[in-house]
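S.K.: Quick one: the structure is below, questions incoming.
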Amino acid sequence: MSVNHHPIGVFDSGVGGLTVFHALREALPHEDFIYLGDTARLPYGTKSKHAVESYTVAAARLLREQHIKFLVVACNTASAHALDALQREVSDLPYCGVIAAGAEAAVAATRNGRIAVLATEGTVRSGVYADVIRSLKTDADVQMLSANLLVALAEEGWCEGAEAEAIVSRYLAQLSAGYDTLVMGCTHFPLLVSVFRKLCPSDVKIVDSASVTAKAVAGLLAARNMLNAQTKPGRDEFKVSDLPERFARVGARFLGRDIADKVALTAFSAAHLEKAANALNSLS
Ligand code: DGL
């Protein structure tokens, strides 16, 4: 039986994945979406691979119970740590992360092969962006820098002005000069794009993994004949594991629209996590 009318699941550690959701919503106006933000356990960027794997597998199982047809792992840190675990543990659910499309876009954009990636500490530690970029361009010179503070800055809504510029320029100063492409390898960073644009040399290309992932997902669903045939606008549902009010408040800023009546607390339960942790422990 066709699953085309089923929703697409979008998973993130919290509110940041709304940048990816926003791009997906624009690319796929007739799809229904269920967004799951694990606000009880965020941030993922400072957690271990094992913790992020078990949270991501548990989230994928929860979304699979909602009959999603495809999962977009919007969180860069979860994409960096947990795609192999998803492949093993939830193998019947088609999915994609955000790193492959971001890396491809960076390789397409660079002229001198020197690429800088700003991400969370966990994404940097995984080395996955550099690995994927080098698998596409063996002589690429990739430097990665963790910029955790930008997550808080974006959630606080301080996306421009003196404070944002001071913090972004302090991070940029830590990069070796000469890169011609900068990847915003974290869900939150696209909100700071105007500051990056202002502070980076004008010939540096800025790659936003959210928008390129949305295009890749739209292409993939079309190629697999999985698009929803409905002609009315798709429905949005947001589920969070803690503090739905905060998610709605910060999320409204991320999306530029009110979502309060669409946000609900979900039972991202101890049982989901325990099952995922047991499965992963039996493998390690
Ligand atoms: N969503 C995370 C990412 O893209 C950033 C926030 C967090 O650390 O949980 O890496």
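The values are calculated or read from the model by the stated rules, or taken from the named source; none is laboratory data. From a predicted model like this one, the values you see are computed outputs, not experimental measurements. Methodologically, a virtual Cβ is constructed for each residue, glycine included, from the backbone with ideal geometry; neighbour enumeration extends over all protein chains shown. For accessibility, only protein heavy atoms count, side chains too; no ligands or nucleic acids. Shrake-Rupley method; radii C 1.70, N 1.55, O 1.52, S 1.80 Å.
S.K.: Give, as residue ranges, the helices (runs of 4 or more DSSP H) completely inside the stretch 79-137 that count at least 2 residues that are away from the ligand (no atom under 16 Å from the Cβ) and more than 16 Å from the chain's Cα centre (by Cα).
M.R.: On the way: elements: 99-109, 121-126, 128-136.
Of the helices (runs of 4 or more DSSP H) lying wholly inside the stretch 79-137, those with at least 2 residues that are away from the ligand (no atom under 16 Å from the Cβ) and more than 16 Å from the chain's Cα centre (by Cα) span 99-109, 128-136.
S.K.: Hey, can you tell me all the residues within the stretch 210-236 that are free of Cβ contacts under 8 Å to residues at least 12 places away in the same chain and of a type in the set (A, V, I, L, M, F, W, C)?
M.R.: Matches in the stretch 210-236: Ala222, Ala223.
Each row is one residue, and each column tells you yes or no for (1) charged (D, E, K, R); (2) under 14 Å from Lys239 (Cα atoms).
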position: Tyr35; (1), (2): no, yes
position: Thr46; (1), (2): no, no
position: Glu65; (1), (2): yes, yes
position: Ile68; (1), (2): no, yes
position: Ala74; (1), (2): no, no
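S.K.: I would also like to ask the following. Among the residues of the stretch 59-67, is any open to solvent by 10 Å² or more (accessible area, probe 1.4 Å) and under 17 Å from Gly16 (Cα atoms)?
M.R.: First, the residues of the stretch 59-67 that are open to solvent by 10 Å² or more (accessible area, probe 1.4 Å): 61, 64-67.
If we keep only those that are under 17 Å from Gly16 (Cα atoms) as well, we get none.
No.
S.K.: Right, something else. Anything in the stretch 38-55 that is surrounded by 19 or more Cβ atoms within 10 Å (Cβ to Cβ) and more than 11 Å from the ligand (Cβ to nearest atom)? List them, or say none.
M.R.: Glu53, Ser54
S.K.: Could you list, in sequence order, all residues of the stretch 68-78 that are within 13 Å of the ligand (Cβ to nearest atom) and either surrounded by fewer than 21 Cβ atoms within 10 Å (Cβ to Cβ) or part of a loop (DSSP other than H, G, I, E, B) (or both)? Show your work before the answer.
M.R.: Going residue by residue through the stretch 68-78, those that are within 13 Å of the ligand (Cβ to nearest atom) are 72-78.
Hits for the stretch 68-78 are Ala74, Cys75.
S.K.: Name the residues in the stretch 166-185 that are touching a residue at least 40 places away in the same chain (Cβ under 8 Å), of a type outside the set (Gly, Ala, Ser) and either away from the ligand (no atom under 15 Å from the Cβ) or open to solvent by 10 Å² or more (accessible area, probe 1.4 Å) (or both), would you? Steps first, answer last, please.
M.R.: Pass one, the stretch 166-185, residues touching a residue at least 40 places away in the same chain (Cβ under 8 Å): 171, 175, 178-185.
Remaining after also requiring of a type outside the set (Gly, Ala, Ser): 171, 175, 179-184.
The answer is Tyr171, Leu175, Tyr179, Asp180, Thr181, Leu182.
S.K.: For the stretch 138-157, which positions are open to solvent by 50 Å² or more (accessible area, probe 1.4 Å) and either within 24 Å of Asn112 (Cα to Cα) or more than 16 Å from the ligand (Cβ to nearest atom) (or both)?
M.R.: Passing the criteria: Thr138, Asp139, Asp141.
S.K.: Here is a follow-up. Exactly one condition in (1) under 27 Å from Gly127 (Cβ atoms); (2) more than 10 Å from the ligand (Cβ to nearest atom); (3) free of Cβ contacts under 8 Å to residues at least 40 places away in the same chain is not met by Met1; state its number.
M.R.: Unmet condition: (1).
S.K.: Could you list, in sequence order, the residues of the stretch 57-66 that are in contact (Cβ under 8 Å) with a residue 60 or more places away in the chain and closer than 26 Å to Val124 by Cα? Let's see the steps before the verdict.
M.R.: Restricting attention to the stretch 57-66, the residues satisfying the condition of being in contact (Cβ under 8 Å) with a residue 60 or more places away in the chain are 57-59, 61-62.
Selection gives Val57, Ala58, Ala59.
S.K.: Okay, next question. For the stretch 11-37, which residues satisfy the criterion of being assigned to a loop (DSSP other than H, G, I, E, B), of a type outside the set (A, V, I, L, M, F, W, C) and either buried (at least 24 other Cβ atoms within 10 Å of the Cβ) or within 12 Å of the ligand (Cβ to nearest atom) (or both)? Outline the logic, then answer.
M.R.: Taking the stretch 11-37 as the starting set, the residues that turn out to be assigned to a loop (DSSP other than H, G, I, E, B) are 13-17, 28-32.
Narrowing the set further to residues that are of a type outside the set (A, V, I, L, M, F, W, C) leaves 13-14, 16-17, 29-32.
Correct list: Ser13, Gly14, Gly16, Gly17, Glu31.
S.K.: Hey, among Val250, Val207, Val263, Val240, which residue is touching a residue at least 24 places away in the same chain (Cβ under 8 Å), under 23 Å from Arg125 (Cα atoms) and either in contact with a strand residue (DSSP E or B) (Cβ under 8 Å, 6 or more places away or on another chain) or within 16 Å of the ligand (Cβ to nearest atom) (or both)?
M.R.: Numbers: Val250 fails: under 23 Å from Arg125 (Cα atoms); Val263 fails: under 23 Å from Arg125 (Cα atoms); Val240 fails: under 23 Å from Arg125 (Cα atoms).
Sole residue among the options that is touching a residue at least 24 places away in the same chain (Cβ under 8 Å), under 23 Å from Arg125 (Cα atoms) and either in contact with a strand residue (DSSP E or B) (Cβ under 8 Å, 6 or more places away or on another chain) or within 16 Å of the ligand (Cβ to nearest atom) (or both): Val207.
S.K.: Would you confirm, using the coordinates I've provided, whether Phe21 is closer than 24 Å to Asn148 by Cβ and among the aromatic types (Phe, Trp, Tyr)? So that I can check it myself, show each step before the final result.
M.R.: On the way: closer than 24 Å to Asn148 by Cβ: yes; among the aromatic types (Phe, Trp, Tyr): yes.
Here the answer is yes, as Phe21 does meet what is asked.
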